[in-house]
Amino acid sequence: MNSPKKAILYSAQKPTEAQKQEILDFLEKKYDCEVLLKYECDEKLVNGFRISIGDDFYDWSVETRLQQLQNQWMKSLKKSNNQIIPLLQDSLENWTPTVMANQVGHVLSVGDGIATVSGLQKAEYGEILIFTNGIRGMVQDLRKNEIGCILFGDDREISEGSIVKRTGKMAGIPVGEGFIGRVVDALGNPIDDLPEIEAEDYYPIERQAPSIIERQSVNKPMETGLLAIDSMFPIGRGQRELIIGDRQTGKTAVALDTIVNQKGKDVICVYVAIGQKASSVAQLCQNLRQRGAMDYTIVVCATASDSAPLQYIAPYAGTSLAEFFMHKGKDVLIVYDDLSKHAIAYRTLSLLLERSPGREAYPGDVFYLHSRLLERSAHLSDELGGGSLTALPIVETQAGDVSAYIPTNIISITDGQIFLESNLFFSGQRPAVNVGLSVSRVGGDAQIKAMKQAVGSLRLELAQYREMEVFTQFSSDLDDSTREQLRYGQGLMRLLRQPQFSPLTQAQQIYVLVAGLNRLFVNIPLNKIDKVKQELVEYIDNVASEISVEINHTKVLSDENRERILLLSKEFMKKVPEYGINKGN
Ligand code: ATP
Ligand code: MG
């Protein structure tokens, strides 16, 4: 027999001795111990009673029984395809109310989106708890006699000592096709003033990443439509490519361009905004809508004014939404904008939960925070439908310092990074990709052969140009060949400039590369290169559309096509004498 337990019986009337004995018998049998029963008057419980023993709570009040009836009714309603009358009869006849032990705890303290709760010994990590007024929280910290819980609602509505119940469910988010084109918060509730979203399923926000067997290698390109990226740092479907740079260097713009470029390519996009201004997110949604990109995009939004718990779960929730489509065999692109703010939200939570701070006051598990998130990106095997989840996490650096804590962590988790530099951005080189520091570690396999053939030694030539630029910075009299080499390099850099929302197709990028690397732009004044490039691409598309068809079909750049592109480019340059005709060609 176990040690004795205390039980409290709440009801409006004092129980008779016989009733008391009946309850005692039940409890002693159930808990296999001696029970000391105490009575407390509760005016509200006219027709029923409640018993609390240890962590457990038996509720036999009228409201609870009616709630049970309602639940049963709703369940059968779903089964019987909404045939209400026979169903009502059926559920009333078969209604057998049961009384079950419910674990309850009490709030010890609450504030800043965090509550500590006593009791609930059996609560699990990540489980959802229900507070008064239906506010939900998630178990984040299991200690000896209390648990730390993050709250997803307004903590001002919760008072000390109020009751907390377990749900036995892990935190999750509703998912479904209906989410496409919608803006939702981190819990999946719509925030765009459109009707309710019909969910098809409920996914936990934290899921195990696909295992090695369940994956296949990354072998299809995820085109960004940006020449500077697709040519030198190609991204594959299922890859994780970090976009890193100081504030206001066009990080969001690169991600946004990539989303816009997925139009008509059967890719679902998820944009997760973490800790941004609500006005920026509204502007972004407006941009997507204007360009028809909202038809295949979901925006998950936890703004700067949302509580730290919501900002913390937003990327996980967004990933679960994305996984729903990946499991259906679709290709999905997810943007986390940005993970620096996510890490800060997590730091806030951890400090409030009294975890010990480490480097830069981040908790010890901040690496795991992002590795378990990014590891969920994958290219699934054909047996599992062959879907993919490509991640573009964004990280903000301070004064270009990529060796700070969070940037180094995420650089080591991802398969490469696009490094955007303030100096380049302000000198007008946009997208401000730093060619020397950017890399894509798997993308080469994902690049189409035609692009590889066209791009040739572009990176090398740019590297030579940068070196030469440094050497010649102070010397005024340069020989002709050096001067030409410099002009060539400058021209190449100009070709990599691209305004926002004007993606180039793979074929168009190939035209530019073939013409550029054959030095056709050397004699064109720098400030005219943007315009010439644009017109050249349109010209070739107009007079020889079959080239792009062939490239898209065969994925290779045949020698004939290369010659034709060159020929057409020269022809175009001659036609437009104001641009200046190349001397050597
Ligand atoms: P933040 O740190 O505030 O998030 P960010 O790095 O995401 O900034 P963006 O908001 O993408 O930067 O871009 C900053 C500004 O630069 C925007 O006004 C955007 O329109 C402009 N911009 C970005 N890319 C280009 C481009 N390729 N051509 C012209 N303008 C651009
Ligand atoms: Mg941004």
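Among the conditions (1) over 24 Å from TYR271 (Cβ atoms); (2) at pLDDT below 95, the only one that TYR405 does not satisfy is (2). Among the residues that make up region 285-297, is at least one of them charged (D, E, K, R) and either in contact with a Cys (Cβ under 8 Å, 6 or more places away or on another chain) or within 16 Å of ligand 1 (Cβ to nearest atom) (or both)? Looking through region 285-297, at least one residue is charged (D, E, K, R) and either in contact with a Cys (Cβ under 8 Å, 6 or more places away or on another chain) or within 16 Å of ligand 1 (Cβ to nearest atom) (or both). Of everything in region 336-382 that is of a type in the set (D, E, K, R) and more than 26 Å from ALA322 (Cα to Cα), the residue that is most open to solvent (accessible area, probe 1.4 Å) is GLU354. Of all residues in region 367-390, which are among the hydrophobic types (A, V, I, L, M, F, W, C) and touching a helix residue (DSSP H, G or I) at 6+ places or on another chain (Cβ under 6 Å)? Listed by number, the residues that qualify are PHE367, LEU369, LEU373, LEU374, LEU389.
Inside region 521-558, residues that are among the polar types (S, T, N, Q), surrounded by 14 or more Cβ atoms within 10 Å (Cβ to Cβ) and within 38 Å of the chain's Cα centre (by Cα) make up a count of 2. Every condition in (1) away from ligand 1 (no atom under 13 Å from the Cβ); (2) within 24 Å of ASN409 (Cα to Cα); (3) open to solvent by 10 Å² or more (accessible area, probe 1.4 Å) holds for PHE324 except the one numbered (2). A single member of LYS6, LYS14, LYS30, LYS75 is among the charged types (D, E, K, R) and modelled with pLDDT under 80, and it is LYS75. As a summary of the residue check, GLU535 satisfies the conditions (1) in contact with a helix residue (DSSP H, G or I) (Cβ under 8 Å, 6 or more places away or on another chain); (2) part of a helix (DSSP H, G or I); (3) more than 27 Å from GLN500 (Cα to Cα) except for the one numbered (3).
So that you can scan it fast, the table gives a plain yes or no per residue for (1) more than 18 Å from ILE510 (Cα to Cα); (2) within 16 Å of ligand 2 (Cβ to nearest atom):
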residue: ARG430; (1), (2): yes, yes
residue: VAL435; (1), (2): yes, no
residue: ARG441; (1), (2): yes, no
residue: ILE448; (1), (2): no, no
residue: MET468; (1), (2): yes, no
residue: THR472; (1), (2): yes, no
residue: SER475; (1), (2): yes, no
residue: SER481; (1), (2): yes, no
residue: GLY491; (1), (2): no, no
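If the condition is being of a type outside the set (D, E, K, R) and either at negative phi or within 16 Å of ligand 2 (Cβ to nearest atom) (or both), then region 215-226 contributes GLN216, SER217, VAL218, ASN219, PRO221, MET222, THR224, LEU226. Within region 270-281, restricting attention to residues that are under 21 Å from ILE180 (Cβ atoms) and within 14 Å of ligand 2 (Cβ to nearest atom), the residue that is surrounded by the fewest Cβ atoms within 10 Å (Cβ to Cβ) is VAL281.
Okay, residues lined up against (1) open to solvent by 30 Å² or more (accessible area, probe 1.4 Å); (2) within 16 Å of ligand 2 (Cβ to nearest atom); (3) at pLDDT below 95; (4) more than 23 Å from the chain's Cα centre (by Cα):
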position	(1), (2), (3), (4)
SER162	no, no, yes, yes
PRO210	no, no, no, no
ILE213	yes, no, no, yes
ALA228	no, no, no, yes
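In region 339-458, counting only helices (runs of 4 or more DSSP H) that sit wholly within it, the ones holding 1 or more residues that are closer than 27 Å to ALA186 by Cα span 339-352, 366-374, 405-413.
So which residues in region 233-259 are away from ligand 2 (no atom under 15 Å from the Cβ) and open to solvent by 20 Å² or more (accessible area, probe 1.4 Å)? Once the filter is applied, which keeps residues that are away from ligand 2 (no atom under 15 Å from the Cβ) and open to solvent by 20 Å² or more (accessible area, probe 1.4 Å), region 233-259 yields ARG237, ARG240. When region 479-507 is limited to residues that are of a type outside the set (S, T, N, Q), open to solvent by less than 40 Å² (accessible area, probe 1.4 Å) and away from ligand 1 (no atom under 16 Å from the Cβ), the one that is nearest to the chain's Cα centre (by Cα) turns out to be ALA507.
If you scan region 301-320, which residues turn out to be open to solvent by less than 10 Å² (accessible area, probe 1.4 Å), closer than 23 Å to VAL254 by Cβ and touching a Ser or Thr at 6+ places or on another chain (Cβ under 9 Å)? Of everything in region 301-320, just one residue is open to solvent by less than 10 Å² (accessible area, probe 1.4 Å), closer than 23 Å to VAL254 by Cβ and touching a Ser or Thr at 6+ places or on another chain (Cβ under 9 Å), namely THR319.
Here region 465-478 is the region considered, the condition is being closer than 20 Å to PRO525 by Cβ and part of a helix (DSSP H, G or I), and the residue that is farthest from the chain's Cα centre (by Cα) is GLU469.
Looking only at region 180-205, which residues are open to solvent by less than 70 Å² (accessible area, probe 1.4 Å) and part of a loop (DSSP other than H, G, I, E, B)? Matches in region 180-205: ILE180, GLY181, ARG182, ASP185, ALA186, LEU187, GLY188, ASP192, ILE197, ALA199, ILE205.
THR116 falls short on exactly one of the conditions (1) in a loop (DSSP other than H, G, I, E, B); (2) modelled with pLDDT of 85 or more; (3) of a type in the set (S, T, N, Q), and that condition is (1).
Being polar (S, T, N, Q), in contact (Cβ under 8 Å) with a residue 24 or more places away in the chain and part of a helix (DSSP H, G or I): is that true of GLN485 here? No, not satisfied.
A single member of GLY444, GLY385, GLY416 is in contact with a Lys or Arg (Cβ under 7 Å, 6 or more places away or on another chain), under 17 Å from ARG237 (Cα atoms) and surrounded by fewer than 15 Cβ atoms within 10 Å (Cβ to Cβ), and it is GLY385.
The values are calculated or read from the model by the stated rules, or taken from the named source; none is laboratory data. No experiment lies behind these values; they were computed from the predicted model shown. For neighbour counting, all protein chains shown are included, and Cβ atoms are generated from backbone atoms with ideal geometry for every residue, glycine included. Heavy atoms of the whole protein, side chains included, go into the accessibility calculation; ligands, DNA and RNA do not. Shrake-Rupley method; radii C 1.70, N 1.55, O 1.52, S 1.80 Å.
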